[in-house]
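Following: one structure in structure tokens, then a few remarks.
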Amino acid sequence: MRKSILLGSTFVATFLLAGLTAHVYGTEIDACYKTKGGKLRLVTESSPVCLPSEIPITWDRQGPPGICEFTRPIINYTLSCQNPFELILSVDIQDDEEIAFYATQKQGGDPPLNMVVFVEPGRNSEHYDLNLGVGPSDESYLLVATDNKGNMPKELFPLTGNVL
């Protein structure tokens with residue numbers, strides 16, 4: 001009789017332990033959260049159950065799918081002549097999110113040109129024209145736009161002496 005109780009207890013303990021450890025190595029993670037002090041410990045083979053002072057918790061081993069791809073705002077620009085002494089750089093920005101801001105910087109300019117424009121919330125497209133004076137040297141302009149998720153493209157627009 002004593003042997004059958006011991007054998008039955010061993011069978012039940014093994015069955016419970018196998019069920020708990022299968023949960024640990026399956027699609028969920030089991031842990032115990034200590035209500036005083038907030039310590040968290042995983043349920044393991046050596047410690048398969050929570051103590052009376054702990055709360056059992058479970059969460060998925062793999063979280064929800066995240067965003068694998070992101071799209072940056074698209075910057076398109078054209079250059080046109082206003083008159084023999086002035087060029088107009090027309091910039092269009094499109095995005096599937098809200099545009100947060102756009103900026104233009106003349107590279108190594110004298111005087112420097114730094115322009116940052118914060119966009120009104122809810123807008124996903126912008127257009128602006130920048131009047132550029134003509135001069136004898138080559139110039140470059142850095143065009144930047146950022147959406148409300150932080151995605152940012154950069155375009156370097158060179159003006160060479162033969163355009164000016």
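Provide a single number: the residues in the range 115-136 that are loosely packed, with under 11 Cβ neighbours inside 10 Å and at pLDDT below 85.
2
Do we have VAL43 as surrounded by 14 or more Cβ atoms within 10 Å (Cβ to Cβ), among the β-branched types (Val, Ile, Thr) and modelled with pLDDT of 80 or more here?
For VAL43, the condition - surrounded by 14 or more Cβ atoms within 10 Å (Cβ to Cβ), among the β-branched types (Val, Ile, Thr) and modelled with pLDDT of 80 or more - is met.
Could you please let me know if GLU86 is modelled with pLDDT of 85 or more and among the acidic types (Asp, Glu)? Steps first, please.
Details: modelled with pLDDT of 85 or more: no; among the acidic types (Asp, Glu): yes.
Here the answer is no, as GLU86 does not meet what is asked.
Could you grab me the full set of residues in the range 89-114 that are touching a Ser or Thr at 6+ places or on another chain (Cβ under 7 Å), at pLDDT below 90 and more than 15 Å from LEU142 (Cα to Cα)?
Residue satisfying the conditions is ASP96 alone.
Do we have any residue at all in the range 147-157 that's modelled with pLDDT under 85 and assigned to a strand (DSSP E or B)?
Going residue by residue through the range 147-157, those that are modelled with pLDDT under 85 are 157.
Checking the rest, the ones that are also assigned to a strand (DSSP E or B) come to 157.
Yes, because at least one residue in the range 147-157 is modelled with pLDDT under 85 and assigned to a strand (DSSP E or B).
Could we say that PHE70 is of a type in the set (Phe, Trp, Tyr) and either modelled with pLDDT of 90 or more or touching a Lys or Arg at 6+ places or on another chain (Cβ under 8 Å) (or both) here? Spell out the reasoning first.
On the way: of a type in the set (Phe, Trp, Tyr): yes; either modelled with pLDDT of 90 or more or touching a Lys or Arg at 6+ places or on another chain (Cβ under 8 Å) (or both): yes.
Yes: the conditions hold for PHE70.
Determine which single condition VAL24 fails, assuming it passes every other condition in (1) assigned by TED's automatic domain parsing to the domain that holds LEU142; (2) over 30 Å from ASP138 (Cβ atoms); (3) modelled with pLDDT under 85.
Among (1) assigned by TED's automatic domain parsing to the domain that holds LEU142; (2) over 30 Å from ASP138 (Cβ atoms); (3) modelled with pLDDT under 85, the lone unmet condition for VAL24 is (1).
The values are calculated or read from the model by the stated rules, or taken from the named source; none is laboratory data. Keep in mind that this is a model prediction, so the values were computed, not measured. Neighbour counts run over all protein chains shown; Cβ positions are idealised from the backbone, glycine included.
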